[in-house]
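Data first, discussion second: the structure below is written as structure tokens.
The values are calculated or read from the model by the stated rules, or taken from the named source; none is laboratory data. The structure presented is a predicted model; accordingly, all values stated were derived computationally and were not measured. Methodologically, a virtual Cβ is constructed for each residue, glycine included, from the backbone with ideal geometry; neighbour enumeration extends over all protein chains shown.
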């Protein structure tokens, strides 16, 4: 009995050590692996549209060509829009100053100055190179999907249960993020229209930012509220900032607690604490891409940990509504 406990303790220590080494390795190669993860994420979102086209009777090649044209056009428009908007934002942010001399206004001015300082034109220029790479990698991955699926099936034929879980997880993620994307676009469009009616500068950009950050449940929409709040503070005073914050809070509450659970059928099964920590953890490893990818990366990690008996306890800790799913033997 003592031997068994020692062996179990030793194996758990080895597993935790391996996890730490792998995460350290990911941190080291983050500039390379981060854009690759993001291209996989986009491919997961785009694939249902490709399946919809093939379901209409089109061949896979024709469906891919239609997807290629649509995604390329949309991607290039988005890249150009982000580049010019961020360039203008950096040029104008330094002119946003709250003249009223109060303690709270000084805090707002400090935040605005930091925002202007952290928008580096060199980083903005990298949007072109990184964006083109992610766009091409996404399209190539979509084109390779049929062959990739057959290669995975051939490589994991000996472990059909694990193979089944891979495809089950991929389909579940695809359905989840399609629902998430639809909700985010609806939310971002609503935010952009409201900010435009209020006369907030760069309202369309804040709407796009809302779409992206809303992939971070619970806190993403609130993070997206900070820049337009500061601009509203400059233009309309502290009450304008509070009004914008209230709008974001109301929309965030409706989207996360009413609309999304009804559309998805169930929640993330992740506690708010785990989501909050994962944002900072994956952001530390992959930077901005890690913040954007925090939830899908955490869900993938949980799925992997859940499969093996030695690491199932970690999955139990991370999930808020854990159901034991032992692999079939």
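Regarding region 170-184, can at least one residue be identified that is in a helix (DSSP H, G or I), out of contact with any strand residue (DSSP E or B) (no Cβ under 8 Å at 6 or more places or on another chain) and modelled with pLDDT of 85 or more? The answer is yes, given that some residue of region 170-184 is in a helix (DSSP H, G or I), out of contact with any strand residue (DSSP E or B) (no Cβ under 8 Å at 6 or more places or on another chain) and modelled with pLDDT of 85 or more. Only residues that are more than 21 Å from residue 288 (Cβ to Cβ) and surrounded by fewer than 18 Cβ atoms within 10 Å (Cβ to Cβ) were counted across region 31-52, and they come to 4. Of all the numbered requirements in (1) within 17 Å of residue 139 (Cα to Cα); (2) in a loop (DSSP other than H, G, I, E, B), residue 57 misses one, and that requirement is (1). For first residues located in region 80-101 and within 29 Å of residue 130 (Cβ to Cβ), partners that are modelled with pLDDT of 65 or more and surrounded by 15 or more Cβ atoms within 10 Å (Cβ to Cβ) and lie 6+ apart or on another chain with Cβ distances below 7 Å form the pairs 85/202; 85/205; 89/202; 96/231; 96/234. Applying the condition of being touching a residue at least 60 places away in the same chain (Cβ under 8 Å) and surrounded by 18 or more Cβ atoms within 10 Å (Cβ to Cβ) to region 214-225 and asking which residue is nearest to residue 180 (Cα to Cα) yields 215. Among (1) part of a helix (DSSP H, G or I); (2) modelled with pLDDT under 80; (3) buried (at least 20 other Cβ atoms within 10 Å of the Cβ), where does residue 268 come up short? (1) is the only condition that residue 268 fails.
Here residue 193 meets the list (1) in a helix (DSSP H, G or I); (2) touching a residue at least 24 places away in the same chain (Cβ under 8 Å) almost entirely, failing just condition (2). Can you report the number of residues in region 61-74 which are under 14 Å from residue 141 (Cβ atoms) and surrounded by 15 or more Cβ atoms within 10 Å (Cβ to Cβ)? Total meeting the criteria: 3. Can you pull out the residues in region 227-258 that are crowded, with 16+ Cβ neighbours inside 10 Å and within 22 Å of residue 295 (Cα to Cα)? Within region 227-258, 248, 251, 252, 255, 256 meet the criteria. Of all the residues in region 286-307, those that are without any contact (Cβ under 8 Å) to a residue 40 or more places away in the chain and surrounded by fewer than 19 Cβ atoms within 10 Å (Cβ to Cβ) number 3. Report yes if some residue within region 35-53 is outside any helix (DSSP H, G or I), without any contact (Cβ under 8 Å) to a residue 60 or more places away in the chain and more than 22 Å from the chain's Cα centre (by Cα); otherwise report no. No: zero hits. Evaluate the following for residue 310: is it assigned to a helix (DSSP H, G or I), at pLDDT below 75 and either out of contact with any strand residue (DSSP E or B) (no Cβ under 7 Å at 6 or more places or on another chain) or surrounded by 15 or more Cβ atoms within 10 Å (Cβ to Cβ) (or both)? Considered against the rule, which asks whether it is assigned to a helix (DSSP H, G or I), at pLDDT below 75 and either out of contact with any strand residue (DSSP E or B) (no Cβ under 7 Å at 6 or more places or on another chain) or surrounded by 15 or more Cβ atoms within 10 Å (Cβ to Cβ) (or both), residue 310 comes out as yes.
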